[in-house]
């Protein structure tokens, strides 16, 4: 498997997972407001509002990653930004695991998630394709070079 195919596969899988998770979180917001419903997530209306907002953002992020699958060399910045986001999510889980207050709720899931997020971030950087050959780079004064 070439680096570009690996990058495409990684972006496609991550994008699909983000979209599915995002729709589930977005739906959780509306499910909370159904009369007589009992939410499996122990949070109130503000937490469910934030969950719905995060779900919408995850759907958009996943859509960007799915777009990279078509032309990975033109979507390098999406992969890099995704790597930064995954690194931040992994770091947050490491800190939450070290603090220990979340162990009762999440158990060892924080450590497993941190490894998965940091591994995916590393893979996005490692598999990132080279710049396309047909990009015209401007010279020092901002003019395109002569053909």
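Against the list (1) exposed (fewer than 13 other Cβ atoms within 10 Å of the Cβ); (2) closer than 21 Å to residue 123 by Cα, the condition residue 99 fails is (2).
Any idea which residue in the range 102-141 is modelled with the highest pLDDT, counting only those that are in a loop (DSSP other than H, G, I, E, B) and surrounded by 12 or more Cβ atoms within 10 Å (Cβ to Cβ)? First the steps, then the outcome.
Just the residues of the range 102-141 that are in a loop (DSSP other than H, G, I, E, B), to begin with: 102, 107-108, 127-141.
With the extra rule that they be surrounded by 12 or more Cβ atoms within 10 Å (Cβ to Cβ), the set shrinks to 102, 127-129.
Values: 102: 77, 127: 92, 128: 89, 129: 86.
My answer is 127.
The values are calculated or read from the model by the stated rules, or taken from the named source; none is laboratory data. The structure presented is a predicted model; accordingly, all values stated were derived computationally and were not measured. So basically every Cβ, Gly included, is an ideal-geometry build from the backbone, and we count neighbours across all protein chains shown.
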